[in-house]
Amino acid sequence: MRLRLKGGRVLDPANGENAVARDVEILDGRIVAATNETADQEYTLNGDIVMAGGIDLHSHIAGGKMNLARLLMQEDRRAYPEMRGAFCGCGGGRAVPTAHVTGCRYAELGYTTVFEPAMLGANARGAHLEMADIPNLDTGAYLVLGNDDYILRLIAAGAPQAQINAYVGWMIEATQAFAIKIVNPGGINAFKFNARKLDLDEANPYYEVTPRQVLLTLIRAVTELGVPHPIHLHGCNLGVPGNDDTTLATILATEGRRLHLTHLQFHSYGTEGDRKFSSGAARIAELVNASPNISVDVGQVMFGQTVTSSADYMSQYRNRGLASPKKSIGMDIELDAACGVVPFEYRDKSFVNALQWAIGLELFLLVEDPWRIFLTTDHPNGAPFTTYPHLIRLLMDRDFRNAQLATLNKAAQQHTMLAGITREYSLAEIAILTRAAPARILGLKDKGHLAPGGVGDVVVYKDDADREAMFSKARYVFKNGRLIVKEGEIVDLVAGTTHVLRPDYDRSVEADITRWFDEAVGLKAKHFRVADGELRGGAGPTILKCEGAA
């Protein structure tokens, strides 16, 4: 079927187009060059803004921790029920929405691809089944490694890098993963041996391996395996005042190797001032600007009720006393990782919460290269993803931003440089943050742009000086050339695909992995593996070759 979007203004930074007046044409789900052929469907846009479908590279949408969060926060679903209608009516929730609601709300905002950033191997099958239930989104998942006993044992024993690479390759293939995530390298494991903190060069009390060793070993593994996305790192000391020094040391430890620092806001806290809590954003942004091998997403805090959910139980255990409402969950996962769920309400009159909000915005505005910083709230940890339109307005409208700042905790206003930052993001830069840059760093060559050959994921927004209103409800959203949102309302539900990698690795490692599973894991290695036919109701995955960085 041929579909034509006529008379829009195209924002496609990947191809150097900034509000270029031209038609966009989609044939059988793929973008093609404009033709004079008769279209089966034609939409007249009258100068509306046309972008590629949004890509969120870090949002917790599936897996065991999210189901635990839903069980813990049933009041979230009662407060935000999904209204019955032709295409909706099941589930609900805002901080931890159900699968159906996740797909619908993302689509209404103009997003068509979202990556779950923390899938545990033991939970991979469940995570994939859940992602298959999310309508209107393509998905993928990052496998959590770096606290599993198998790899810590190898590093402690001084195993050859080739053996570690083979294990990482086997795990990516077995769990149908798309990238490797490290959460508090070695720290989750150390917690089980009664450690309550683990800095970059502190040794794990049992394996005597440091987070630096874990990080550099896995950076080398993904590089040599050709994984397009660099190591996705949730670093040491999340949320601890003074962790800005750890973050700076982590960047320097890479010595030019590629690394993605996730939810950087939670790792940018200094200890200056009478309250011993200050912003480290300026120091960190300066080093990020000078380090082209580093990319970051922010994990912006927004005010209101949410739920924090993380594999970093060392941090969640520390924060459980701050839970609001007063309840939390902590658990071990197959001795390889952990999970902590702590409900939290960020308050604008709280000094710490207000300064967290300001630190995130400082990072957004001080990191200069929009191709190396990504728009996230670490959903739901900093805020639900549905706050993105408000966040975009904060980035694009200095007067609005400063008016918001003026309402916050007075002491926090004195501890941030935000009021003096004049930068305002342009529409083209927002398109980079939310489309072109995520596609590039993930190696998705047919996404994030509107050139011939791209997937037919296209979004149309009415140009509105109120950018929050503009990005809250897309006028049209097309998924693979099929209309799924019209005037901000869901009009259709379609199945997405799951992106996975297929690294080339030394398969002789399987004998040792099989032995390990028999001795130490609660199921056989052959049962741990997730088959292609188990994905997307039998449709299988979309496979990306491991060809290294784009």
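The values are calculated or read from the model by the stated rules, or taken from the named source; none is laboratory data. Everything numeric in this text was worked out from a predicted model, so none of it was measured. Cβ placement follows ideal geometry from the backbone for every residue including glycine, while neighbour counts extend to all protein chains displayed. Just the protein is used for accessible areas: all its heavy atoms, side chains included, with ligands, DNA and RNA removed. Shrake-Rupley method; radii C 1.70, N 1.55, O 1.52, S 1.80 Å.
Based on this model, can you work out whether ASP348 counts as in a loop (DSSP other than H, G, I, E, B), of a type in the set (D, E, K, R) and farther than 18 Å from PHE385 by Cα? So ASP348 fits the description; yes. Of the strands (runs of 3 or more DSSP E) lying entirely inside segment 267-343, those carrying at least 3 residues that are over 30 Å from ARG393 (Cβ atoms) are 329-333. Can you tell me which residue in segment 122-143 is nearest to THR98 (Cα to Cα), limited to those that are out of contact with any Ser or Thr (no Cβ under 7 Å at 6 or more places or on another chain) and in a helix (DSSP H, G or I)? If we take residues in segment 122-143 being out of contact with any Ser or Thr (no Cβ under 7 Å at 6 or more places or on another chain) and in a helix (DSSP H, G or I), then GLU130 is nearest to THR98 (Cα to Cα).
Quick one: would you say GLU429 is in contact with a helix residue (DSSP H, G or I) (Cβ under 7 Å, 6 or more places away or on another chain), modelled with pLDDT of 95 or more, open to solvent by 50 Å² or more (accessible area, probe 1.4 Å) and assigned to a helix (DSSP H, G or I)? No; evaluated as a whole, the condition is false for this residue.
When the residues of segment 1-32 are narrowed to those that are in a loop (DSSP other than H, G, I, E, B) and small (Gly, Ala, Ser), which ends up farthest from GLU487 (Cα to Cα)? Step by step, filter segment 1-32, then rank; the result is GLY16.
This table checks each residue for (1) open to solvent by 20 Å² or more (accessible area, probe 1.4 Å); (2) at pLDDT below 95; (3) in a helix (DSSP H, G or I).
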| site | (1), (2), (3) |
| --- | --- |
| LYS197 | yes, yes, no |
| VAL209 | no, no, no |
| ARG220 | yes, no, yes |
| GLU224 | yes, no, yes |
| VAL227 | no, no, no |
| ASN237 | yes, no, no |
| THR247 | no, no, yes |
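The selection criterion, being without any contact (Cβ under 8 Å) to a residue 60 or more places away in the chain, touching a His at 6+ places or on another chain (Cβ under 8 Å) and either buried (at least 20 other Cβ atoms within 10 Å of the Cβ) or acidic (Asp, Glu) (or both), holds for ILE231. Tallying residues that are in contact (Cβ under 8 Å) with a residue 60 or more places away in the chain and open to solvent by 10 Å² or more (accessible area, probe 1.4 Å) within segment 92-110 yields 4.
Checking each residue in segment 169-195 for being of a type in the set (S, T, N, Q) and either open to solvent by 10 Å² or more (accessible area, probe 1.4 Å) or over 19 Å from the mean Cα position of the chain (by Cα) (or both) picks out ASN189, ASN194.
Are any of the residues in segment 321-330 of a type in the set (S, T, N, Q), buried (at least 16 other Cβ atoms within 10 Å of the Cβ) and over 20 Å from the mean Cα position of the chain (by Cα)? Yes, that holds for at least one residue. Contact annotation: residue pairs with Cβ atoms under 6 Å, 6 or more positions apart or on different chains, pairing a residue in segment 20-48 that is without any contact (Cβ under 8 Å) to a residue 24 or more places away in the chain with a partner that is open to solvent by 50 Å² or more (accessible area, probe 1.4 Å), are ASP23/LYS6; ASP23/ALA34; GLU25/ALA34.
When restricted to residues that are in contact with a helix residue (DSSP H, G or I) (Cβ under 7 Å, 6 or more places away or on another chain) and among the polar types (S, T, N, Q), segment 110-157 contains 4. If we keep just the residues of segment 144-160 that are part of a helix (DSSP H, G or I) and either over 25 Å from PRO117 (Cβ atoms) or charged (D, E, K, R) (or both), which is least open to solvent (accessible area, probe 1.4 Å)? So, considering only residues that are part of a helix (DSSP H, G or I) and either over 25 Å from PRO117 (Cβ atoms) or charged (D, E, K, R) (or both), the one least open to solvent (accessible area, probe 1.4 Å) is ASP149.
Restricting THR407, THR422, THR416 to those that are more than 21 Å from ASP56 (Cα to Cα) and crowded, with 21+ Cβ neighbours inside 10 Å reduces the list to THR416.
Summed over segment 384-413, residues that are in contact (Cβ under 8 Å) with a residue 24 or more places away in the chain and touching a helix residue (DSSP H, G or I) at 6+ places or on another chain (Cβ under 8 Å) total 18. In this structure, is GLU368 part of a strand (DSSP E or B) and among the acidic types (Asp, Glu)? So GLU368 fails the test.
Taking residues in segment 429-449 that are of a type in the set (D, E, K, R), and partners anywhere that are at pLDDT below 95, the pairs with Cβ atoms closer than 8 Å and at least 6 places apart or on different chains are ARG440/ALA550; LYS445/ALA550. Restricting the first member to segment 181-194 and to residues that are on the phi < 0 side of the Ramachandran plot, and the second to residues that are among the hydrophobic types (A, V, I, L, M, F, W, C) and assigned to a strand (DSSP E or B), the beta-carbon pairs closer than 6 Å and six or more apart or on different chains are LYS181/ALA118; LYS181/VAL144; ILE182/LEU233; VAL183/VAL144; ILE188/ALA337; ILE188/ALA338.
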